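Structure first, commentary second.
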Amino acid sequence: MSNDNQMSRLDLALRAMNDSSIQSSEETIIKIITSLEEEFGDNQKTIAEELQKVARQIEHSGKADMAMDFKQRTTSAMMRLNMERRRGLRPPTIAPGAQAATVVSPKPMSASVDTPGGKNLRVSQDGTQVEYLVHPSRDVRGDARAFCDVLKGQKVWESGGGNICAIRFPSGPQVIIVEEIAFTCSVVLSVSNFEKHADNLEAQGYQIVGSVITPTGSATVFASDCGSKFALIARN
């Protein structure tokens, strides 16, 4: 990769990590990954190595926490891109110099799901855990102070220029406070076999509608046709 490309991706990475808009930040991360795919095709190992180089550049600039956040978010984004392509929600990766393949339209969502509990979702198998609770807020810093100073929680992570953070309490899952742009979801579940559970959810009428940033990477938000939402993240 040329030095110009390295600098361009470093600039994009810094822009993404400093962006106060979560959606815009995620879009920039996807742009970095797709630019690498245009150069290296579907060579996931090489792409991961190039992303590691960018993370090291961030770390060498004195921003170790930002570098770790970048690693986590790009890893999650790569997994999400691959899954969405497998389902026909995104165009496939194009090898350098190859012509674009025909994009397969995603299968329509099942109309048989009338209520969130109308289907027997088996996401509780394989050690599913409640990893995070999500608290939408119009004043992230104010709520964080209340959770820490009054309710004796501890802020253990923040991102997006302070517009999202995680609070740990003596017991129970961490609480993610996120700037309320639109309702995302209320709970993030971690699973040991992400793709299997994602396939099962899709078969029961759920579809991917977005993501929510967590201390361990981006969780994928699923929604039913009646608006029920929750997020899944792969457990390391």
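Quick note: the coordinates plus some simple rules give every number you see, no bench work behind them. In this text, all values refer to a predicted model and were calculated from it rather than measured experimentally. Note that each Cβ is placed from the backbone with ideal geometry, even for glycine, and that neighbours are counted across all protein chains shown.
Quick notes on this one:
- Anisotropy class of the stretch 129-234 from Cα gyration tensor, a/c 1.5 cut: prolate
- Restricting the calculation to Cα atoms, every distinct pair contributes to the Kirkwood radius of the stretch 3-86, found to be 12.8 Å.
- Cα-only Debye scattering, the stretch 143-186: base-10 log of I(q)/I(0) at q = 0.25 Å⁻¹: -0.91
- Taking the Cα centre of the stretch 3-86 as origin and assigning +1 to Lys and Arg Cβ atoms and -1 to Asp and Glu Cβ atoms, the resulting dipole is close to 220 debye.
- Loop-located chymotrypsin sites (Phe, Trp or Tyr not before Pro) in the stretch 136-192 (DSSP state other than H, G, I, E, B) with a sparse environment of at most 12 neighbouring Cβ atoms within 10 Å: 183.
- Applying the criteria of a DSSP loop state and at most 10 other Cβ atoms within 10 Å to the trypsin sites (Lys or Arg not before Pro) of the stretch 148-179 yields 152.
- For the stretch 151-207, averaging the sequence separation of C-alpha pairs within contact (under 8 Å, six or more residues apart) and dividing by the residue count gives a relative contact order of 19 percent.
- Summing charges over neighbours of residue 175, with a neighbour being any other residue whose Cβ is under 14 Å away from its Cβ, gives +1 when K and R count +1 and D and E count -1.
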